[in-house]
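Each remark here refers to the structure printed beneath this line.
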Amino acid sequence: MKTLNLTFKGSLGKTHTLKLNYASDGLSKELVQASMDKIAATKLFIKEGEILYAIPVSAKYVTTTENVVLAKPAA
């Protein structure tokens, strides 16, 4: 499975990651940067007084590979 991980600094200096499971593959740097800027500008995500996605830091695609060791058939 491939996800797009967007990393932000929160208003208190902590690092937070927003993981998008269904992002388009191969998005341009400019589009991702503009989107992250818009997310930060909304100040929509607040937890315990901290704006979680205040300053865009980085973005990367992450691919996860599953290696099934044991799988029981469905009943």
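The values are calculated or read from the model by the stated rules, or taken from the named source; none is laboratory data. Note that the coordinates shown come from a computational prediction; the quantities given were computed from them, not determined experimentally. So basically every Cβ, Gly included, is an ideal-geometry build from the backbone, and we count neighbours across all protein chains shown. Side chains are part of the model used for accessible areas, which takes the heavy atoms of the whole protein and leaves out ligands, DNA and RNA. Shrake-Rupley method; radii C 1.70, N 1.55, O 1.52, S 1.80 Å.
Basic side chains Lys and Arg get +1 at the Cβ, acidic Asp and Glu get -1 at the Cβ, and with that the dipole of the stretch 28-75 about its Cα centre reaches some 80 debye.
On the chain, 57 percent of the accessible area sits on carbon and sulfur atoms, based on a 1.4 Å probe. For GluC sites (Glu not before Pro), the sites in the chain that DSSP calls loop and that have at most 10 other Cβ atoms within 10 Å are E48, E66.
Using a cut-off of under 16 Å, list every residue of the stretch 28-59 whose amide N is near the label point 7 Å from the Cα of T15 along the Cα-to-beta-carbon line. Residues 53-59 fall inside that zone.
Per residue, the chain exposes an accessible area of 79 Å² to a 1.4 Å probe, with every protein chain left in place.
Between D25 and A75, the FRET efficiency estimated from the beta carbon spacing at R0 = 30 angstrom works out to 0.25.
Computed from the Cβ-Cβ distance with R0 of 35 Å, the FRET efficiency linking V68 to F45 stands at 0.50. Between the Cα long axis of helix 29-42 and the first principal axis of the chain there is an angle of about 60°, rounded to the nearest 10.
Per DSSP helix of 4 or more residues, -39500 (n - 2.57); summed, then divided by the residues of the chain. What does that give at 222 nm, rounded to the nearest 500? My calculation for the chain gives -6000 deg cm²/dmol from helical runs alone.
Each semi-axis of the equivalent ellipsoid for the chain is √(5λ) with λ an eigenvalue of the Cα gyration tensor; in descending order they amount to 30, 17, 10 Å.
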